[in-house]
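Enquirer: This is the structure, below, for whatever I ask next.
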Amino acid sequence: MADIGVIGGAGYVGLVTGVGLAALGHKVIAQDVDQRRLDMLRRGISAVYEDGLEPILRQLIDRNLISFTDDQGATIRNSDALFIAVGTPSLADGAADLSQVIAVAERLRDEIQDYTVVVVKSTVPVGTIDVVVDVLSQKLRAGEDFDVVSNPEFLREGSGLIDFFAPSRIIVGATSERALKLLREIYEPLLSGSVVVDVPWIDSGREIPYVETDPTSAQLTKYAANAYLATRISFINEIAGISEKVGGNISDIVFGLGLDPRIGPGYLKPGIGFGGPCLDKDLRALITIAVENSYDPVMFDGVLRRNELQLREVMNKITGALGSSLYQKRIALLGLAFKEGTNDVRHSLSIRLYRALRDQGASVTGHDLLAVDEAKELEPDLEASTDVDAVLAGAEVVVVLNSEQIYADIDWSGLGTATLAPYVIDTRGVLDTSALEASGITFDILGSTG
Ligand code: UDX
């Protein structure tokens, strides 16, 4: 079993990766600068919501397989492999901000003593691995003191542990056989289905594809995956827009489309667009990579543009229902996080919608099952609650922004007979239209007419 350090170990990717690797039996030190999160994690509490994480974390702490520290030097010196999971935010021009990755590389250069494999988990532009190698090579010898490997993550927020323990694939990009061998050893327990703590997602009957390639291809595979998912979403949003104009029904269209085995049903939910920390950021970074290499990414420009326009589509529906003045109009937003099943409100298009409505003087209330505190922290003036009935009360317009089952289960019958029945805008197509009709509610489904 290996000694593994995770730099950025209290962040989303770092924590899921650290917990996952420790559950494979490795001894993991998760290093981070965020003291508050480290203190919580030592007590078995995670600041990010992730299904099933805390019980596994506690088992690992009890078995001494994971520890949390702010000491970067000790983490580096005590690890056979160091997983770099620090943030790569976007710069204003869309390029990835590599300052954290470079700062870590400089520390590695000064601290590495024995041969160490540096595994880049963070999604970084092609060429970054070369930068990391250059920094390390100022003092150390590549192939003898260190090797650098790209091992992109494909973790969805909220389903990160499932994606770790039952991955669709593991991609490892390296040129050194010694480094590839260590990575194979690290992942071997996962490939053979032998974890050391109780994990429900292991399917030992299924073979996990393990792909070894060069670092550039590994990094591009990650960008390609997120660009493709973003493209599907913009694609279906554009079909929804056309469908609405010509009198189609988007849920029937999505169903019929997804039955084609060459297309499949996933990532075809229309809505306010793709939010979250990855799809938009990675697509912008890929566009920058293309432009910097004298390639014109016309298609991806269009994917981003459609995503920006989706917010306006939803705004148009609201002003279509309420008139152009939104002053003191009561609007309920159902779903504040960037998607269902997470408490992450960063890069949430619902929050952008809230800001646009607030700036026009509307009186907005918001509902979310997991993200109310986070939304209020970001937007202290937002009235938000986990009680859907309270949020709906008195609303003139209700906008459904994600696919949470609780919204499909709303009983509209009382609301339809209220003096001021709400106008319901369903951006996700999750509501039961016959129940809405029976309740006398006027509604508007994104992508469908009538
Ligand atoms: C994504 C990738 O899925 C993951 O593999 C990668 O490593 C990180 O980025 P995540 O950002 O957690 O994961 O969210 P995801 O579940 O992919 O959803 C992204 C956005 O697309 C959300 O705003 C979601 O609501 C939206 N979406 C998703 C749609 O609008 N329609 C869909 O059909 C699917």
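Enquirer: Return the calculated 222 nm mean residue ellipticity for the chain, to the nearest 500 deg cm²/dmol, obtained by summing -39500 (n - 2.57) across DSSP H runs with n ≥ 4 and dividing by the residue count.
Expert: Working: 18 runs with 197 residues, N = 450.
That calculation yields -13000 deg cm²/dmol at 222 nm.
Enquirer: Which one of Pro422, Pro55, Pro125 has the biggest mean-square fluctuation once the chain is modelled by GNM with Cα springs under 10 Å?
Expert: Greatest mean-square fluctuation among the candidates belongs to Pro55.
Enquirer: Amide H to amide H under 5 Å from Phe146: which residues, 5+ apart in sequence or cross-chain, H placed 1.01 Å off N in plane?
Expert: Thr116, Arg141
Enquirer: Roughly how many Å is it from the Cα centre of region 266-303 to that of region 343-387, as a whole number?
Expert: Spelled out, the Cα-based centre of one part sits 25 Å from the other.
Enquirer: What shape does region 304-430 have by the C-alpha gyration tensor, where a ≥ b ≥ c are the square roots of the eigenvalues, rounded means a/c under 1.5, and otherwise prolate means a/b greater than b/c and oblate the rest? Kindly include the intermediate steps, with their values, before the conclusion.
Expert: Numbers: a/c = 1.34, a/b = 1.10, b/c = 1.21.
Rounded is the answer for region 304-430, as its axis ratio a/c remains below 1.5.
Enquirer: Moving to a separate point now. Report the antiparallel proportion of the DSSP beta bridges in region 343-450 as a percent, rounded to a multiple of 5.
Expert: Numbers: 0 of 11 bridges.
Taking every DSSP beta bridge with both residues in region 343-450, the antiparallel ones total about 0 percent.
Enquirer: For region 1-80, rounded, prolate or oblate, judged on the Cα gyration tensor with a ≥ b ≥ c (square roots of eigenvalues), a/c < 1.5 rounded, else prolate if a/b > b/c? Before the final figure, lay out the partial values.
Expert: Numbers: a/c = 1.70, a/b = 1.16, b/c = 1.47.
Cα axes put region 1-80 in the oblate bin.
Enquirer: Mind listing the long-range amide H neighbours of Asp426? Cut-off is under 5 Å, sequence gap 5 or more, other chains count too, H placed in the peptide plane at 1.01 Å from N.
Expert: Val400, Asp444, Ile445, Leu446
Enquirer: Expressed as a whole number of Å, what is the distance separating the alpha-carbon centroids of region 74-99 and region 155-234?
Expert: Cα centroid of region 155-234 versus Cα centroid of region 74-99: 19 Å apart.
Enquirer: Same structure again: For the chain, what is the convex hull volume of its Cα atoms per residue in Å³? If you can, show how the numbers build up before the last one.
Expert: Values: hull volume 69.1 nm³, N = 450.
In the chain, the Cα convex hull volume per residue is 153 Å³.
Enquirer: Pairing the Cα long axis of helix 215-246 with the longest principal axis of the chain, what angle in degrees results, from 0 to 90 and rounded to the nearest 10?
Expert: That helix lies at roughly 10 degrees to the long axis.
Enquirer: Any idea how far apart Asp260 and Ser176 come out in nm if each label point goes 7 Å out from Cα toward Cβ?
Expert: Here the answer is 4.6 nm between the modelled labels.
Enquirer: Okay, moving on. Comparing Gly248, Gly25, Gly320, which has the greatest mean-square fluctuation in the GNM of the chain with Cα pairs linked when under 10 Å apart?
Expert: Result: Gly320 has the largest fluctuation of those listed.
Enquirer: How large is the Rg to Rh ratio of region 120-235 when both quantities use alpha carbon positions and Rh follows Kirkwood? Show your work: numbers first, answer last.
Expert: On the way: Rg = 15.8 Å, Rh = 15.6 Å.
Computed over Cα atoms, the ratio is 1.01.
Enquirer: Note the direction-averaged projected area, equal to a quarter of the hull surface, for the Cα convex hull of region 38-93, in nm². Don't skip to the answer; put the middle values down first.
Expert: Details: hull surface 23.5 nm².
Mean shadow area of the hull around the Cα atoms is 5.9 nm².
Enquirer: On to the next question. Counting DSSP beta bridges in the chain, what percent are antiparallel, to the nearest 5? Write out the running numbers ahead of the final one.
Expert: Details: 2 of 49 bridges.
In the chain, DSSP labels about 5 percent of beta bridges as antiparallel.
Enquirer: Give me, ordered by chain and number, the residues 5 or more places off Asn343 or on other chains with an amide H under 5 Å from its own placed amide H.
Expert: Tyr49
Enquirer: Through the Karplus equation 6.51 cos²θ - 1.76 cosθ + 1.60, θ set to phi - 60°, convert the phi angles of region 127-142 into ³J(HN,Hα) values in whole Hz; use x for Gly and Pro.
Expert: So the J values, rounded to whole Hz, are x, 5, 4, 5, 5, 4, 4, 4, 4, 5, 5, 4, 10, 10, 9, 4.
Read the figures in this text as sums done on the coordinates, not as results from a lab. Here the structure is a predicted model, which is why all the values come from computation and not from measurement. Glycine also receives a Cβ, built like all others from the backbone with ideal geometry; neighbour counts cover every protein chain displayed.
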